[in-house]
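The values are calculated or read from the model by the stated rules, or taken from the named source; none is laboratory data. What you see is a predicted model; the values in this text were computed from it and never measured. Note: ideal-geometry Cβ built from the backbone for every residue, glycine included; neighbour counts use all protein chains shown. Keep in mind that these areas ignore ligands, DNA and RNA; they rest on the heavy atoms of the full protein, side chains included. Shrake-Rupley method; radii C 1.70, N 1.55, O 1.52, S 1.80 Å.
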Amino acid sequence: MKVLKFHGVKPEDSLKLMFEAAFVRQTELQRELEPFLQTLEEYAGEWMPDVVNGKRRRKYTTAAVWKALEERGYERYTFCGFSRTKWPALDMFLGLNLPPLPPMIDIMVRVKPLAFFSEAERCHQLVEMVRAWASRYVVTHAAAHSADDKELTGSPNFGRDDETRRRDGFDKVYEVFWLNVFGPKLVETVGRERVLSTPAHRVEELPNGAILLVTWPTVTDFASPEARRAQARAHVHLRPDLDFDTVLRTLQERSAMLAPVEPRFDPDMAPLLSRVVDRAASHERQRRIAEFNVWRPPEPEEWRPADSALPSDVEDPEAAREHYDTLAEHLVALLHTEVPSVFEATPESLTEVDFYFWREEFPKSRLPEAIEQYAIPAIGAYLGEVLVRHLGGSWIPRKKLEEAQVRVGNRVWFPFVRARHYMGSRQALLDYSLTWLYRVAERHRS
C-alpha cells in the first residue's frame, strides 16, 4: 500500500495539532478509544486517514487500529500511526500510556499543506473535532497552529522548552496559538473568569472545566496583521505580566520570517541554490532565499596566468592524462546511481555533483582519510575533464596532483587544489563549487 509520504512532498507549511489528555481506565481500552475514533471519522472529512501504520500498513478500519496498537504494544505503552494515500498529506500519531502509569492519550496530527484549511468550514470542523475530544478526555493542553510558525517559537511543547515542561508542567500560558484548549488545572491557575473573558474569535467552556479558545476564524490567516493583533491581545490578557507591544513585535517578526521572498540568485549559481533552498525546512525557506539573494561565491583563486604555468614534469604526459581519466571514472563509479548525469561529464553534471555532495554533507559524513585518498583526486580529475571537453582545455600533467593544471584560454586552472578547498566543509561545497569555477573559466576562456 503506497502512502503519500508527508516528508517526501514539497516542503511547505502544514497544520499541526497536538493534544494531550488523561482518561480514566475503568473499561477496556477499545471502549475508551471508541469516542476518539468516532469523532475523527465524523469530522476529519477530506483529510481522514485511510492507512493505519503498525508493524505493517493496513487499510484504515477500527479493527486495523486495534491490531496496530496490539502489535506495537509494550507493558505500559502502545502507539500507532495514520497516513493517507492521496492529497492532502497526513502524518498522524496516537500514543497511549497504560497502567500502572497514569493513563494518558497523546495525539499529534500534521496535515499538509496548511492552505487546505483556507476554507472556514474546514477550520470549523477541525475545531469541533478537538472540542469533542476535549469534552470526552481530561485535557492537559491542546493546540493547533501553523507548523512553521510553531517552529519559530523555539519549542514544540506549546511554547515551553523541555526543561520547563518537566519542571513546571502547564503552570502558565507560554504561547497562544490559533486553536487552544486549556485544561481545568491551567484554567484555575490563570483564573476561570479571566480565561472566559479573553478577547478572541471563540471562547467556550467545556463540560469538564476545560476552556476552548480560537483566536481567528481561519488558521491560514495566522500571519496577517489583524490575526497577529488578535493573538497578541489574547496572550497578554491571559498573561498580564507581558507587554502587548513586545508580544506583538515578536509575532510580527515571525510573520516577516515566513513572508514569501522572490529568489534573485546569481544566475550562474541559481540552478544549484534553487535545489539547496528546496531542501530547507519550510519555516527556514524564505530566510535561506533572502540569504542567497545577497550571497555571492568568492572569486576562484585556483588559477594563474597561462604564461606563468608550471611546465609538465612527467616523463609520459599521455600516461598521466590517462591516469586523470581513470581518476575521473572513480567519481562516476561512486555517484552514477545517485547522479546519473555524471556519465555525461557536462557543466550541468557539475551542478548535480555539487548538490549531491551538499545534500549528503559529504565532508562531514565521510572519513577524512577516504576523502583525502579517494574523493579529492576523483573530484579534481572529473572537474579537469569537464574543462577539457567543454572549454577546449588541455592538461599540463605534473607529478604532484595538486600541481596539475588545465589550460583554458589565457589561464591555467588547478582542479585538484579546487577539490581540496571544496571538500573543506558543507559551506565550502557552495563557496568552492565546481559549477562556479567552470562558469568563471568559461567567461575567461576568450
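What the table below lists for this structure:
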item	result
Residue-span extension gain [E369 to R445] - 0.36 nm each, minus C-alpha spacing	23.9 nm
Calculated Rg and Dmax of the chain using C-alpha coordinates, Å	28.9, 92
Entries of K10/K86; K16/K59; K59/K112; K364/K399; K55/K150; K10/K55 with Cα pairs more than 25 Å apart	K364/K399; K55/K150; K10/K55
Share of alpha-carbon pairs per 10 Å distance bin for the stretch 82-124, given as whole %	24, 36, 24, 14, 1
S224 accessible area, 1.4 Å probe, all protein chains in place, Å² to nearest 10	30 Å²
Accessible surface of D268 - all protein chains present, 1.4 Å probe, nearest 10 Å²	40 Å²
Sparse-neighbour loop sites [GluC sites (Glu not before Pro); the stretch 301-389; at most 15 other C-beta within 10 Å; DSSP]	E301, E315, E338, E344, E360, E361
Length released on extending from E318 to N208, taking residue separation times 0.36 nm less the Cα-Cα span	31.1 nm
Residue among L196, L242, L367 with the largest mean-square fluctuation in a Gaussian network model of the chain, springs linking Cα atoms under 10 Å	L367
Stokes-Einstein D in µm²/s, Kirkwood radius over Cα pairs - the stretch 16-68 at 20 °C with 1.002 mPa s viscosity	171 µm²/s
Accessible area of the stretch 15-258 belonging to carbon and sulfur atoms, whole % at 1.4 Å probe	49 percent
Apportionment of accessible area to carbon and sulfur, the stretch 297-444, percent (1.4 Å)	51 percent
Helix axis angle, 347-359 relative to the chain longest principal axis, alpha carbon, degrees	50 degrees
Principal-axis tilt of helix 434-444 within the chain, Cα atoms, nearest 10 degrees	50 degrees
Length gained when the stretch T337-R304 is fully extended (0.36 nm per residue, less Cα-Cα span)	8.3 nm
1.4 Å probe accessible area per residue over the chain, in Å²	47 Å²
Qualifying trypsin sites (Lys or Arg not before Pro) for the stretch 188-280 [loop in DSSP, other Cβ within 10 Å: at most 14]	R264, R279
Stokes-Einstein diffusion coefficient of the stretch 297-444, Kirkwood radius over Cα pairs, 25 °C, 0.890 mPa s, in µm²/s	163 µm²/s
Sparsely packed chymotrypsin sites (Phe, Trp or Tyr not before Pro) within the stretch 221-308, loop by DSSP, other Cβ within 10 Å at most 16	W295
For the stretch 1-103, radius of gyration divided by Kirkwood radius, i.e. Rg to Rh on alpha-carbons	0.97
Rh (Kirkwood; distinct C-alpha pairs) - the stretch 15-258, Å	18.6 Å
Theoretical ellipticity at 222 nm over the chain - DSSP helices of four or more residues, -39500 (n - 2.57) apiece, nearest 500	-13000 deg cm²/dmol
